[in-house]
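Rule-based calculations on the coordinates, nothing more; no lab input. Keep in mind that this is a model prediction, so the values were computed, not measured. When we count neighbours, we look across all protein chains shown, and the Cβ atoms used for this are built from the backbone with ideal geometry, even at glycine.
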Amino acid sequence: GSLNLSGKPIEVVGLKKDGTEFPAEASVTIFKIDNDIYFTSTIRDITERKKLEEKIRQSEKMQAVGTLAGGVAHDLNNILSALIGYPDLLLLNIPEDSPLRKPLLSIKSSGEKAAAIVNDLLTLARRGVPVLEVVNINTLIADYLNSQHHEKLMSYHPEVRIVADTAPDLLNIVGSPVHLSKTIMNLVSNAAEAMPEGGTLFISTRNTYLDKPVTGYDSIIEGDYVVLRVTDTGNGISPEDLSRIFEPFYTKKIMGRSGTGLGLAVVWGTVQDHNGYLCVESSLGKGTTFTIYFPATKAPQAVKTERISVEQYLGQGEKILVVDDAESQREMAASILKQLNYQVATAASGEEALEYLKSNPCDLIVLDMIMDPGIDGLETYKRMLSLAPRQKAIIASGFSESEQVKEAQRLGAGAYIKKPYSVETIGMAVKAELAR
């Protein structure tokens, strides 16, 4: 095309000696000396700028999808609470040999699977509730390779062979075991799906020290890292698809078999949340390698505790007020707490709760954060403290551990529990707060 002679740059396509193209910016300036006309031209390679622009676009796209996902997740968590809470409650009263146990466990399991999908959405929205612990990636890999999910995946792909090569001296990392396990599961599932004719899936770990940027990053934080690498010998990913694989629902998998279409988007989100780096290399017809770098820690892992029996979180008749704008949530929480030997009252709003407390002191409040219409959980708690300055409370919400939650905790509220919760989760939180 024609060039602008004003000196203002325009974008063009440049051609290298080897025949490959690259994005460039060209400008031509015309000027006169005596009666002679001269031109100066400048061509600048803008490959790096284009890469940066694409990264910004991708980040904005993920943020937009995440915002939408977060709103949907909040409503879904409220619905799922009953699917998990009521079976849990009924199982407390049913003998071990009852024929009802199996269907109840099935209902609960379905609810937990749906809740896991919601957690994927919250991971994308950066509004999940990551429980950070010192973990070892090798342990998570071993747990996954021995799981029912992996066994089922391999039944769909009997020709795929797994080769694990984990470093025996692997450093620990600080992270969310749930999200990290999901990352391993998604990467292995993705690799297996990429080999419909069979092949070898390599999963490895090692320690490394990074002092210069890895592929795809302009800068990194220098230090010790744990490297997780998953490689397949499958079909590879085309350059066009490679730029889109981390978008939510961008999938070519069989949805019912492989999950939600959120797999790699969740991997991307988890790596961001753990301050890690993610590199992908792929060759059509040869295979793909995902490499993740997680910041390492020298801290040791905590000792695991055994499962808690219901007797350990039974109440002694203390009075609890459940405050939630969703009727189903109030009823379920009340049913669980009554079963755990507490006296329970409920309120549908912050205003109703405050009115009740004026003439009915309570040992503990179970407080929702997001209530509509009316005042929210934080404002409710502030006003409760003016009535009873040492009022104990725990916070239950289907959304996130927001700044509002942290502010309530700074004012004196106790644990934050995320909906949907189990009988044990709310039971232990209530017991701990009453003892505090």
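General observations
- Answer label for Rg and Dmax of the Cα atoms in Å (calculated), chosen among (i) 27.6, 105; (ii) 27.1, 98; (iii) 47.6, 157: (i)
- Pair E25, L52: separation of 7 Å Cα→Cβ label points (nm): 1.0
- Segment N93-E311, length gained on full extension (0.36 nm per residue, minus Cα span): 77.1 nm
- Filter on K338/K419; K358/K431; K319/K419; K51/K406 - keep pairs with C-alpha separation over 28 Å: K51/K406
- Share, in percent, of DSSP beta bridges within the chain that are antiparallel, nearest 5: 70
- Region 292-436 - charge dipole about Cα centre, Lys and Arg +1 at Cβ, Asp and Glu -1, debye rounded to 20: 700
- The label point for N275 and the one for E11, both projected 7 Å from the Cα toward the Cβ, are 3.5 nm apart.
- Each pair of Cα atoms in region 49-124 enters the Kirkwood radius, and Stokes-Einstein at 4 °C and 1.567 mPa s then converts it into a translational diffusion coefficient of 88 µm²/s.
- If R0 is taken as 56 Å, the Cβ-Cβ distance between R44 and S328 corresponds to a FRET efficiency of 0.35.
- Longest site-free stretch - the chain; sites: chymotrypsin sites (Phe, Trp or Tyr not before Pro), DSSP loop, at most 16 other Cβ within 10 Å: 1-216
- Separation of alpha-carbon centers, region 261-336 and region 362-436, rounded to whole Å: 20
- The modelled label-to-label distance for the pair T139/A167, using points 7 Å beyond Cα in the direction of Cβ, is 1.8 nm.
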